[in-house]
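Everything on this sheet refers to the single structure shown next.
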């Protein structure tokens, strides 16, 4: 029997590592090291996921259906077959969008309170 | 590299066995990739790298251990619930058998004898299906009980009707029907009470 997916809003707020992993996977399938590099890149090196943090989060994301393991390889010639690739599911995408909207609402509040300059 | 890899693999022992089996090699691979990246950098970077790895294990291993413990506890709780249910079920059957014997000796009214008879027969057959099925598959205990009891009581009623009509000219269908309804309600109530006391695995 297929497990019913919960409302994406109920999973918010996401932890920082989960949010960054989902964000990294939103561009395409990646393996563990790829996710780690992507996260380090888009946070300017501020967040460097350790193996335990990364695979603990991956285990939980697989468990609630936000990501899946995929057999497809982006570039088979360059690839190491032992690596496992992960892909964002539709449900994972919904959760990520919900989290981005939540953060965007927070940014609006900060702008109204003049804690952030308004974008033109 | 080999020594660093060995040290990291020793650090992985802090994680529960299931987690290591599932992700241990991926984590070692990730460690090797990261280690390769810092090899060309200086000593300070290497120290920062090891500090990050150690802190990562300290932060995440207890969480994984705790989750593994919780999973084991849930399974144990369910097994305990099944065992209590089985014992209670056996106790009910023994009590019903004793009542049945008492009723026969003291010639208690037929309808009650029918009901006790139905409870014993349907109880033995249904529970022999329900308990192994719920233990082996982790299906919803109450739903499994509902459908099994419905099918078993229905089948026994059908058999009793078919055989009873031929074997006994004074066969009382309404009494037998009432007996199986009583048996169904009795065992369903028992399994409902069990499902209320027993947590379900999500």
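Reported count of residues in the range A:90-120, each being touching a helix residue (DSSP H, G or I) at 6+ places or on another chain (Cβ under 9 Å) and surrounded by 12 or more Cβ atoms within 10 Å (Cβ to Cβ), is 13.
Within the set B:63, B:98, the sole residue that is assigned by TED's automatic domain parsing to the domain that holds residue B:141 and more than 23 Å from residue B:196 (Cα to Cα) turns out to be B:98.
Listed here are the residues, each with its yes/no results for (1) at pLDDT below 90; (2) within 14 Å of chain A (Cβ to nearest Cβ); (3) surrounded by 13 or more Cβ atoms within 10 Å (Cβ to Cβ).
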{"position": "B:51", "(1), (2), (3)": "no, yes, no"}
{"position": "B:56", "(1), (2), (3)": "no, yes, yes"}
{"position": "B:62", "(1), (2), (3)": "no, yes, no"}
{"position": "B:65", "(1), (2), (3)": "no, yes, yes"}
{"position": "B:68", "(1), (2), (3)": "yes, yes, yes"}
{"position": "B:72", "(1), (2), (3)": "yes, no, no"}
{"position": "B:75", "(1), (2), (3)": "yes, no, no"}
{"position": "B:79", "(1), (2), (3)": "yes, no, no"}
{"position": "B:83", "(1), (2), (3)": "yes, no, no"}
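Step by step: first the residues of the range A:35-52, then only those that are more than 20 Å from residue B:14 (Cβ to Cβ) and in contact (Cβ under 8 Å) with a residue 24 or more places away in the chain, then the one that is surrounded by the most Cβ atoms within 10 Å (Cβ to Cβ). Which residue is that? So the residue we want is A:35. The condition (being within 14 Å of another protein chain (Cβ to nearest Cβ), touching a residue at least 12 places away in the same chain (Cβ under 8 Å), part of a helix (DSSP H, G or I) and in contact with a helix residue (DSSP H, G or I) (Cβ under 7 Å, 6 or more places away or on another chain)) is satisfied by just one residue among B:23, B:35: B:35.
Inspection of the range A:53-66 identifies at least one residue that is in contact (Cβ under 8 Å) with a residue 40 or more places away in the chain and at positive phi. Residues being touching a residue at least 24 places away in the same chain (Cβ under 8 Å), more than 8 Å from the chain's Cα centre (by Cα) and outside any helix (DSSP H, G or I): count how many of those fall in the range A:19-33. Here the count works out to 4.
Which of the residues that make up the range B:1-16 are closer than 26 Å to residue B:71 by Cβ and in a helix (DSSP H, G or I)? If the condition is that a residue be closer than 26 Å to residue B:71 by Cβ and in a helix (DSSP H, G or I), then B:8, B:9, B:10, B:11, B:12, B:13, B:14 are the ones that fit.
Would you be able to say whether some residue in the range B:152-162 is surrounded by 13 or more Cβ atoms within 10 Å (Cβ to Cβ) and more than 35 Å from the chain's Cα centre (by Cα)? Looking for residues that are surrounded by 13 or more Cβ atoms within 10 Å (Cβ to Cβ) and more than 35 Å from the chain's Cα centre (by Cα), one finds at least one in the range B:152-162, hence yes.
The values are calculated or read from the model by the stated rules, or taken from the named source; none is laboratory data. If you're wondering where the values come from, they're calculated on a predicted model, not measured in any experiment. As a convention, Cβ positions derive from the backbone with ideal geometry for all residues, glycine included, and neighbour counts pool all protein chains shown.
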